[in-house]
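Notes follow the structure.
Where a number appears in this text, it was derived from the coordinates with a stated rule and is not lab data. Only a predicted model underlies this, so the values are computations on that prediction, with no experimental measurement involved. When we count neighbours, we look across all protein chains shown, and the Cβ atoms used for this are built from the backbone with ideal geometry, even at glycine.
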Amino acid sequence: MSDLILFWHRGDLRVSDNIGLSVARQKSSHIAGLFCIDKDILSRDDVAPARVKYMIGCLAELEQSYQSLGSKLLIVQGKPVKVIPQLAKTLKAKAVYWNLDVEPYSKKRDREVATALEENEITVATFWDKLLHYPGEVLTQSEAPYKVYTPFWRNWNQQAKPAIAKNLESLQGLEDTDIEGVIKLPTAELLGFKWDNPLLLKPGEKAAKEQLEHFCDRSIYEYDEQRNFPWVNGTSLLSAALKFGAIGIRTVWQATTEALTNCRSDEAKENIITWQKELAWREFYQHCLHFFPELEQGAYRKEFKEFPWDNNQSHFQAWCEGKTGYPIVDAAMRQLNETGWMHNRCRMIVASFLTKDLIIDWQWGEKYFMQKLFDGDLASNNGGWQWSASSGMDPKPLRIFNPASQAQKFDPEAEYIREWLPELRSIDTECLVTGKITDLERYSCNYPQKIVDHKVQQRKFKELYKQQKE
């Protein structure tokens with residue numbers, strides 16, 4: 001039997017279009033999958049139960065994929081630096097392969113695990129899999145990382161995209177059936193995370209591929225026109241699948257290029273390119289976090305490092321519960337709390353409201369999102385929040401969304417508002433989208449008064465910002 005390679009899965013919970021796994025298979029047919037339930041991650045206070053539920057579902061399907069290939073997915077629990085070298089020694093593995101990540105914790109953990117394996121004379125091989133272009137491939141003319149999206153996109157888009165990684169056909173199994181340290185895949189509940197509501201996307205590789213096909217069959221051709229309306233099913237819903245790697249990014253990109261070849265109009269082509277730009281935004285934020293890991297800890301722009309936020313605790317609680325008195329904001333927060341997901345247009349609206357209307361530190365909102373989102377990803381979430389707060393890498397420092405004008409533009413018939421605020425269903429549409437609901441109507445519907453005045457708070461924020469700059 002050929003030398004055993006352990007393939008350590010993390011944000012790549014699939015067997016197809018997996019670069020590291022594909023290279024491992026070229027070296028040896030004797031491969032076992034490995035996943036470590038890392039207590040250092042699960043003990044954090046920003047882990048969403050919906051996200052754990054989705055991850056466990058992906059792992060259950062990954063187990064089946066390994067079985068159908070003739071091998072196993074081994075589940076271990078504990079600190080990776082201890083349990084992974086231990087398992088590799090127990091199984092007399094020749095090597096451990098894995099795909100890289102940009103998050104600061106992941107990079108530190110990987111260095112420690114690599115050192116421990118090499119001390120035991122076990123080969124380590126790492127690869128870039130989750131991005132079309134890894135950090136360092138897309139740089140400015142002066143060989144520096146980009147800090148602004150638009151020139152990043154131009155450069156990124158011009159570069160040739162990698163092909164889908166070669167799929168595995170079969171593997172050699174393990175002789176041992178009872179391996180010390182290997183456990184059965186636990187449920188999310190057993191790990192202490194309870195989520196009973198349905199997930200927006202079923203976990204696993206099969207559901208992700210089906211969703212990609214469904215999106216590319218029609219919605220992608222109307223994406224630019226439909227993506228901003230939260231009551232329309234106009235987005236791909238693939239964010240969680242990309243976060244956990246239930247689908248390969250090269251598979252996704254190929255689907256977009258095939259859609260482009262099927263285009264019958266320039267308008268359809270523009271719609272597809274708009275979605276490709278969203279994939280580039282994802283990569284831009286990943287590159288930013290890789291080169292500027294300090295983003296995880298706080299603001300990028302100096303004027304926001306010591307910003308005098310109000311940080312009113314009762315206002316924050318009202319925002320979290322969807323009880324601000326602003327219908328579009330409250331509808332979005334209720335959607336988040338009930339589904340573990342929020343439409344992207346609404347993410348921008350509620351983030352602007354928290355930072356520019358309530359004048360609350362964007363990091364409070366960033367953390368709350370991570371506590372709820374089933375697609376919560378550090379790079380994308382941090383990038384989105386810093387964009388909304390004007391504290392990040394963005395050439396336009398002051399972007400303030402008016403909740404009423406956002407509702408009028410993107411939920412003109414108040415369909416989204418009525419879906420998530422059923423107590424307001426009988427209220428006139430114009431009142432819902434402008435927020436001009438009378439005191440009597442608010443009282444009779446048991447709907448709160450506005451907790452702040454948008455115009456007053458807008459002026460206050462601008463004055464604070466001006467003082468900080470000076």
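Assorted remarks:
- Three-way shape call for the range 5-129 based on the alpha-carbon gyration tensor, with the a/c threshold at 1.5: oblate
- When the GluC sites (Glu not before Pro) in the range 337-438 are filtered for DSSP coil states and for at most 14 other beta-carbon atoms within 10 Å of their beta-carbon, the remaining sites are 413.
- Cross-link partners for residue 409 among the lysines, with Cα-Cα distance under 26 Å and sequence neighbours closer than 8 places in the same chain left out: 269, 277, 323, 356, 396, 436, 450, 455, 460, 462.
- The range 421-447-the range 256-293 distance, computed between alpha-carbon centres (Å): 39
- Sparsely packed trypsin sites (Lys or Arg not before Pro) within the range 179-208, loop by DSSP, other Cβ within 10 Å at most 12: 184, 194
- Calculated P(r) tail over 28 Å for the range 133-280, as whole % of Cα pairs: 38
- Here the mean projected area of the convex hull built on the C-alpha positions of the range 302-469 is 9.3 nm².
- Span from the the range 7-76 Cα centroid across to the the range 174-194 one, whole angstrom: 12
- The count of lysine pairs in the range 160-264 whose Cα atoms are under 27 Å apart, excluding pairs fewer than 8 places apart on the same chain, comes to 19.
- Ignoring aspartates and glutamates fewer than eight residues from residue 27 along the same chain, the ones with Cα atoms less than 20 angstrom from its Cα are 3, 12, 17, 118, 121, 129, 169, 175.
- Counting only lysines at least 8 places from residue 82 when in the same chain, those with an alpha carbon closer than 17 Å to its own are 39, 92, 107, 108.
- The residues neighbouring residue 321, those whose beta-carbon lies less than 9 Å from its own, together hold a net charge of +1 under the Lys/Arg +1, Asp/Glu -1 convention.
- Mean-position separation - Cα centroids, the range 77-138 and the range 139-156, in angstrom: 29
- P(r) weight above 44 Å for the chain, C-alpha pairs, percent: 16
- Under the Karplus curve 6.51 cos²θ - 1.76 cosθ + 1.60, θ = phi - 60°, whole-Hz ³J(HN,Hα) for the range 226-235, x wherever Gly or Pro sits: 9, 5, 8, 9, x, 8, 9, 7, x, 9
- From most to least packed by mean Cβ count within 10 Å, the peptides 458-470, 374-386, 245-257, 80-92 give 374-386, 245-257, 80-92, 458-470.
- Placing dummy labels 7 Å off each Cα toward the beta-carbon, the span from residue 217 to residue 310 is 4.8 nm.
- When shorter helices are ignored and each DSSP H run of at least 4 residues is given -39500 (n - 2.57), the per-residue value for the chain at 222 nm works out to -14500 deg cm²/dmol.
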